[in-house]
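J.: I am attaching a structure below and will ask some questions about it afterwards.
Only the coordinates and a few stated rules stand behind these numbers; no lab work does. Note that this is a predicted model, so its numbers are computed, not measured. FYI the Cβ positions are ideal-geometry reconstructions off the backbone, even for glycines, and counts take in every protein chain you see.
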Amino acid sequence: MASSNPSLFLLTVNGQIEGANFPEYDSLYCKYSYVYGHDWAITTGLEEGITQITCKSSLSRTLVWNFPLETTFKSTNPSGWPQIVISVYGPDVFGNDVVRGYGATHIPITPGQHTKTIPMFVPEPTWRLQKFTGWLLGRRPEYTDPKVVAQGEGREVTRVRSQGFVTVSFHITTKDMKKMGYDTGPSNPQTAGGVDAF
């Protein structure tokens, strides 16, 4: 018999990393991972993944991945709500894989269908000499752990440059959030299938 007073709630994330717009680059792939608080845990699905390499077509300047996301989280409270961290990589003129952009966004709070366009950025060297030697040696600045993008600590001292966008679509479903006292009504009042659907 199910308990009428649940001790945790579930958040199910389905969707896809649809694609990207990087006007200057082609032949890119994407890595993703989730960052979440101490009270959160993944019950099903993958915590991180990597897409295939995609190229622009002659008819479109958009890179298309359509890479599926399917993950279920459990938690006792909303503090540390999950974020998805996206890192995009591609070849430089010497054929070395280099980072083309980092970005992050919170998983939508309200159940239903959502599409987010994530602005991407890359770290910049502090001095021009570093920039030149980095280009010459194929070693550009990058984060040792891309998850730092989802945290605020230490980011204020990092010099970055905006570069491209990644589009991610989400279908969010929750279970037992209302029973725990959290109201997460649908983002669109006409969406009937999104609220505590389990």
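J.: Per residue of the range 10-15, in order, report the coupling 6.51 cos²θ - 1.76 cosθ + 1.60 (Karplus, θ = phi - 60°) as ³J(HN,Hα) in whole Hz, putting x for Gly and Pro.
T.: 10, 10, 9, 10, 10, x
J.: In the range 1-67, which chymotrypsin sites (Phe, Trp or Tyr not before Pro) fall in coil by DSSP and have 11 or fewer other Cβ atoms within 10 Å?
T.: In loop regions of the range 1-67 (DSSP not H, G, I, E or B), there are no sparsely surrounded chymotrypsin sites (Phe, Trp or Tyr not before Pro).
J.: How far apart, in nm, are the 7 Å Cα→Cβ label points at residue 182 and residue 72?
T.: Going by the 7 Å Cα→Cβ label model, 1.6 nm.
J.: Check residue 101: other-chain or 5+ apart residues with amide H under 5 Å from its amide H, H built from backbone geometry?
T.: 88
J.: Here is a further query. Can you work out the FRET efficiency for the pair residue 97 and residue 48, with r the C-beta to C-beta distance and R0 = 22 Å, to the nearest 0.05?
T.: 0.80
J.: Given the Cα atoms of the range 9-180, and with Rh set as the inverse mean 1/r over their pairs in the Kirkwood sense, what is Rg to Rh to two decimals?
T.: 1.01
J.: Now, a different point. State to the nearest 20 debye the size of the charge dipole of the range 9-180 about its Cα centre, where the only charges are +1 on K and R beta carbons and -1 on D and E beta carbons.
T.: 280
J.: Given labels modelled 7 Å from the Cα in the Cβ direction, how far is it in nm from residue 39 to residue 121?
T.: Going by the 7 Å Cα→Cβ label model, 2.9 nm.
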